[in-house]
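Worksheet: the structure to be examined is printed underneath.
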């Protein structure tokens, strides 16, 4: 089965392809869609809203069943921020600037609990279906590791309390990550949308 993932993010695609490696799915991305914009609309206030909006946009553009995700990090001490603004948390919007801004916001804060969340949406002729994955953990004060992307060097998952996400192997990360937990539900969503 060929599926269209509504993204151009190489880091994200690498993880998704690894997560779905045994599914038999052939994965393509927005670079294969003529007329697809560089950035998809993300006007929602929740991960669910944004995932559905992106998948719906690509489904309407192509007529193909489309899969999109929206994901980010929520920090309890910041009232769940950055949340849907994780990619654009700082004015610069780069990983380095976002992490620096997060640490600045958490200066002197002892409660550093956080979670990664990922919502996937599948949109096709038979409707719209969503699934969610979460990974609980906390934010450390200094970066560790060279893997992953985004906030990974600062996020310690509960399942590996002595390592950040950036210190895990890809297989370890995908086994516990928000994205892994969401995308492992994709085959059942596709069954529903094709039934």
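How high is the relative contact order of the stretch 2-194, given as a whole-number percent (alpha carbon pairs under 8 Å, six or more residues apart)?
Working: 384 pairs, mean separation 36.9, N = 193.
Dividing the mean separation by the residue count of the stretch 2-194 yields 19 percent.
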So, relative contact order of the stretch 29-143 in percent, Cα under 8 Å, 6 or more apart, is 25 percent
Helix-only [θ] at 222 nm, the chain, -39500 (n - 2.57) per DSSP H run of 4+, per residue, nearest 500, equals -9000 deg cm²/dmol
Between residue 2 and residue 113, the two model label points (7 Å from Cα along the beta-carbon direction) sit apart by a distance in nm of 4.6 nm
Taking only the alpha-carbon positions of the stretch 1-50 as identical scatterers, the Debye log10 I(q)/I(0) at q = 0.21, 0.25 Å⁻¹ comes out as -0.86, -1.03
If one compares the long axis through the Cα atoms of helix 10-19 with the longest principal axis of the Cα atoms of the chain, the angle in degrees, nearest 10, works out at 70 degrees
Quick shape check on the stretch 88-163: root eigenvalues a ≥ b ≥ c of the Cα gyration tensor, a/c under 1.5 is rounded, otherwise prolate if a/b tops b/c, else oblate, and it reads prolate
Here the percent of antiparallel bridges among DSSP beta bridges lying wholly in the stretch 2-194, to the nearest 5, is 85 percent
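Coordinate-derived values only; no laboratory data. Predicted, not measured: the structure shown is a model, and the values here were computed from it. Reconstructed Cβ throughout: ideal geometry from the backbone, glycine too, with neighbour counts over all protein chains shown.
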